[in-house]
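Notes to accompany the following structure.
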Amino acid sequence: MSPPIASDPVGTPSIVAIEPPSPLGHGLRVRHLTMMGLGSAIGAGLFIGTGKGIAIAGPAILLSYVIAGGIVVLVMRMLAEMAAAIPSSGSFSTYAEAGIGRWAGFVMGWMYWVTLIMVLGVEITAAAGIIHGWLLGVPQWIVALVLIGAFAVVNLVGVRSFGEFEFWFASLKVAVIVVFLVVGTLLALGVLPGTDPVGTANLLGHGGFAPHGLAGIASGLLVVVFAFGGIEIITIAAAESTDPERSIATAARSIVWRILLFYIGSVAIMVLVLPWTSPQLIDGPFVAVLNLAGIPWLSRLMGLVVVVALLSAFNANVYGTSRMAFSLAERGDGPPALLRVSRREVPVAAVAVSIVCAVLSVLLNWLLPDRLLGILLNAVGSSLIVLWVFIAVSQLRLRRRIEAEGRLGVRMWLFPYLSWATLVLLGGFVALMLSDGEARGQLASTAVLCLVLAAIYVIRERVRARR
């Protein structure tokens, strides 16, 4: 079970020192967690969405990535500190309950579940669409059902099979990015046949490094920060690792610098070798750079990598939603039926619910009008920022209690100063979103979702009190 949350005489949540054994498996290794975090963050947002950021900010999108990456590093460090001390399938939901209050754990847990269920439909629809283009004789809906069924089996067989799939999915994505960085560097240096050193002409020309000024950097930040979503999956998975404290500490340290290298390194190559105004760069930045190298099979490989990225994210999100639902049920915030665990130590009921909801989400993606679907998906857009804010507040509230109980294996740097600085940065980002029409709509949708969940929690507690 998840670590129990007790209350002292005045009602302040406290973490008990002894945790009961978890009914879930413990088959994940450090390599699984590390690649899982990389694979979740290095997704279609990087392979496809980078071009949109470059179009908005020009070469200065590098600064947007540095700022967003810095925020991610700080948030992940805070989350790793809590996860190493309190391994829980509920992760940030459990920590919000312990540090802020039970209502916060309920709202964060179900917000995460609802938004990821919506994302499942988008991911499998996009992957099925690409595969349908390769197999024109096979209807797209059949492709989608086959993919959902395959990943249902992966998640039901056992946590080790899930970890292995994510490990190899992520390994392919990482390998492609490493090849891209090597080829891009050779292009920039003029080492490849028929190429000359690019210098800084593309980086500083065509309107300068920041053609749209600070406004462009800020707008670019609104685009790129959400590409880092998904990395929190490693703290959910930590509860099913063989040595949670060591695993989460090692994975968190290695993931941070690798993601910054892959993201910032890849974008730096893009804006060095091609003008930021290039239509090819905007439409498909990875393919555009690889086409310059004259190696056609490399650019064609990107289609396969995008499919792998989507399927990897789908696999991880089925895992994340099922474990979050199981944790919520453990804490009395979800239906008890979700607590059913198989002989393979898999929460089969929670996985089954996630799979069924994934099918329904796919149907919604096909049946709902674009406008209505856009309203639903808007809540996904800013839920990541709300999640990060709650993580920062939870860490500020829990740090001294964790330290007093002798459970502080991973430490947030310069506590409490950097923790407060992170919260200020997130507050600034929310203010930035409020100044943008589209982002403001995302915040409004997420706020409505949180209010609905909070209302459900209040009504449920009143019903329980009457009983």
Query raised in the report: Counting only residues that are more than 12 Å from G51 (Cα to Cα) and without any contact (Cβ under 8 Å) to a residue 24 or more places away in the chain, which one in region 277-306 is surrounded by the fewest Cβ atoms within 10 Å (Cβ to Cβ)?
Result: W297
**Report entry** Residue under evaluation R102, criteria (1) in contact with a helix residue (DSSP H, G or I) (Cβ under 7 Å, 6 or more places away or on another chain); (2) of a type in the set (D, E, K, R); (3) surrounded by fewer than 24 Cβ atoms within 10 Å (Cβ to Cβ), criterion not met
**Finding:** (1)
Report summary line: Flagged pairs (Cβ under 6 angstrom, 6 or more apart or on separate chains; first in region 216-242, closer than 14 Å to D436 by Cβ; second of a type in the set (K, R)) are V223/K52
Query raised in the report: Just checking, which of M118, M78, M82 is under 24 Å from F314 (Cα atoms) and either touching a helix residue (DSSP H, G or I) at 6+ places or on another chain (Cβ under 6 Å) or without any contact (Cβ under 8 Å) to a residue 24 or more places away in the chain (or both)?
Result: M118
**Report entry** From the options V75, V107, V114, residue that is under 22 Å from I259 (Cβ atoms) and not polar (S, T, N, Q)
**Finding:** V75
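Restricting attention to region 213-270, which residues are among the acidic types (D, E) and either modelled with pLDDT of 85 or more or open to solvent by less than 40 Å² (accessible area, probe 1.4 Å) (or both)? Spell out the reasoning first.
Restricting attention to region 213-270, the residues satisfying the condition of being among the acidic types (D, E) are 232, 240, 243, 245.
Scanning region 213-270 gives E232, E240.
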**Report entry** Count of region 391-423 residues which are free of Cβ contacts under 8 Å to residues at least 40 places away in the same chain and touching a helix residue (DSSP H, G or I) at 6+ places or on another chain (Cβ under 8 Å)
**Finding:** 4
Query raised in the report: Out of curiosity, is W134 more than 27 Å from R77 (Cβ to Cβ), within 22 Å of the chain's Cα centre (by Cα) and surrounded by fewer than 15 Cβ atoms within 10 Å (Cβ to Cβ)?
Result: no
Query raised in the report: What number goes with the only condition from (1) touching a residue at least 60 places away in the same chain (Cβ under 8 Å); (2) surrounded by fewer than 14 Cβ atoms within 10 Å (Cβ to Cβ); (3) not β-branched (V, I, T) that G437 does not pass?
Result: (1)
**Report entry** In region 406-421, the residues that are of a type in the set (K, R) and open to solvent by 70 Å² or more (accessible area, probe 1.4 Å)
**Finding:** R411
Requested in this report: Report whether or not E81 is open to solvent by less than 10 Å² (accessible area, probe 1.4 Å) and either assigned to a helix (DSSP H, G or I) or farther than 21 Å from Q280 by Cβ (or both).
Outcome: yes
Report task. May I ask you to list pairs of residues, at least six apart or on different chains, whose Cβ atoms are under 9 Å apart, with the first in region 443-467 being assigned to a helix (DSSP H, G or I) and the second being open to solvent by 50 Å² or more (accessible area, probe 1.4 Å) and of a type in the set (D, E, K, R)? Result -> Y457/R102; E461/R102
Query - Every pair of residues 6+ apart whose Cβ atoms lie under 8 Å, when the first sits in region 355-366 and is touching a residue at least 12 places away in the same chain (Cβ under 8 Å) and open to solvent by 50 Å² or more (accessible area, probe 1.4 Å) while the second is in a helix (DSSP H, G or I) and aromatic (F, W, Y) - result: W366/W141
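The values are calculated or read from the model by the stated rules, or taken from the named source; none is laboratory data. Worth saying up front: this structure is predicted, and the values here are computed from it rather than measured. Reconstructed Cβ throughout: ideal geometry from the backbone, glycine too, with neighbour counts over all protein chains shown. Keep in mind that these areas ignore ligands, DNA and RNA; they rest on the heavy atoms of the full protein, side chains included. Shrake-Rupley method; radii C 1.70, N 1.55, O 1.52, S 1.80 Å.
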